[in-house]
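K.L.:
I'd like to ask you about the structure that follows.
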Amino acid sequence: MADRPPPGKLKIYLGYAAGVGKTYQMLEEAQELKRRGQDVVIGYFEPHGRLDTIAKTEGLEIIPRRKINYRGTIFEEMDTGAIQHRQPQVCVVDEFPHTNVPGSERTKRWQDVEVLIDAGIDVLTTMNIQHLESLNDQVWHITGVRVRETIPDWVMQRADQVVMVDLTPRALLNRLARGVVYPADKAQKALEHFFQESTLVALRELALRQTAYEVEIRQVDYDSPGFQEIAPNGNESGESPRGADRILILVTADPSSAMLIRRGKRVADYLHADCFAVAVGRDSDLKDLALLEREALERHLNFARNLHIEARVLQGHDVAGTLVEFARLNGVTHLFVARPTQNPKLKPFGRSVVQEVVRLARDMQVIIVADRGSRTHPQ
């Protein structure tokens, strides 16, 4: 439509833990934009009792939250419709990975942000590195906590700018001890679990690497006026050129498939490679499988699709042969399979299948990935 506004821009303030200053820096920019004459509103702000951060909201218009009754309790969520009606130039949205309460128009806050961007509104938002989907397994191994609220990598890759708000782990622990991050009782609990220095160091390293990668894929030209940004992969049209590498992920009903999908997608993103996720079944509709196995397999395939991976079911009696034939026909260079696990509830995906894949796929790299998450972790 001719009267449709151009899409707004998305800027993400990325951190590695609560208290590093993401929201503070975001609000500082909002105040600066307002001083320059831009129309800025706060769509959602979570103060967490931090007085210095709350002070940064002074003078900024706050859009009232939408109240939703869920099971007899009133919850407050960002009122996306009210922001659209208000139509500011810039909207501040805290806690990008948040899951909305049932009864909301959309499941995730990042989906609400997409609506605002489509309406031509620029958005400033915040998130921590542990909420990036492809890092979910690594974060679990580092922290012992499975993060449930995640953002697909393609959402971050669509952002116009990703800025890391950095603070050394020692400085963050000092802030925690002074009561700047959490009240005393909550701070002590954090020190006993998530806020251990070794954990913070590892998370910070993940955030630094991810930020470097985000800068690299945007290929920012720092010598041009205004730091002109080129579309990811250097294509101004935004279309991704086909690279020399292509990734294929074998999906089964085993829980390790979720880990394998994340790992394969992350490698594909770094290589700028096409990525496929395939399951092999005797019937293309998987009707030959037991209900438990079919549901698990379909869940993994849908998970891959949500990460913007092309997912499909191949029909064949020979898993290894069917997989390798598809790989060869589609120019696959890297084939990801999970190390077999023993799950009595599922049909065995035997070691012989993996060995046969390795034997047949001599013209491509086969990566056999072990699921380190199979050991017990607190949830």
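The values are calculated or read from the model by the stated rules, or taken from the named source; none is laboratory data. Keep in mind that this is a model prediction, so the values were computed, not measured. In this analysis, Cβ positions are derived from the backbone assuming ideal geometry, glycine residues included, and neighbour counts consider all displayed protein chains.
K.L.:
Pull up the range 294-328, narrow it to residues that are within 30 Å of Val155 (Cα to Cα) and acidic (Asp, Glu), then point me to the one that is surrounded by the most Cβ atoms within 10 Å (Cβ to Cβ).
P.N.:
First pass over the range 294-328, keeping only residues within 30 Å of Val155 (Cα to Cα): 294-314, 323, 326-327.
So of that shortlist, the ones also acidic (Asp, Glu) come out as 295, 298, 310.
Details: Glu295: 13, Glu298: 17, Glu310: 12.
Looking at residues that are within 30 Å of Val155 (Cα to Cα) and acidic (Asp, Glu), I get Glu298.
K.L.:
Of all residues in the range 116-163 being in contact with a Phe, Trp or Tyr (Cβ under 8 Å, 6 or more places away or on another chain) and in a strand (DSSP E or B), which is modelled with the lowest pLDDT?
P.N.:
Val163
Quick grid of which residues meet (1) surrounded by 20 or more Cβ atoms within 10 Å (Cβ to Cβ); (2) of a type in the set (Val, Ile, Thr); (3) touching a Leu at 6+ places or on another chain (Cβ under 6 Å):
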position	(1), (2), (3)
Asn128	yes, no, no
His131	yes, no, no
Trp140	no, no, no
Val155	yes, yes, no
Val165	no, yes, no
Asn174	no, no, no
Lys186	no, no, no
Leu191	no, no, no
Glu205	no, no, no
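K.L.:
Condition (residue is at pLDDT below 90, buried (at least 17 other Cβ atoms within 10 Å of the Cβ) and touching a Phe, Trp or Tyr at 6+ places or on another chain (Cβ under 6 Å)) applied to the range 329-342: is it met by at least one residue?
P.N.:
Yes, there is a match, as at least one residue in the range 329-342 is at pLDDT below 90, buried (at least 17 other Cβ atoms within 10 Å of the Cβ) and touching a Phe, Trp or Tyr at 6+ places or on another chain (Cβ under 6 Å).
K.L.:
Shifting gears a bit: Any chance the range 130-140 includes a residue that's within 25 Å of Ala202 (Cβ to Cβ), in the same structural domain as Ala17 (by TED's automatic domain parsing) and touching a His at 6+ places or on another chain (Cβ under 7 Å)?
P.N.:
yes
K.L.:
Quick one: which residue in Ala277, Ala290 is at pLDDT 90 or above and of a type outside the set (Val, Ile, Thr)?
P.N.:
On the way: Ala290 fails: at pLDDT 90 or above.
Just a single option satisfies the conditions, and that option is Ala277.
K.L.:
Quick one: Ala212 ticks every box in (1) at pLDDT below 90; (2) part of a loop (DSSP other than H, G, I, E, B) except a single one, so which number is it?
P.N.:
The one condition Ala212 does not meet is (2).
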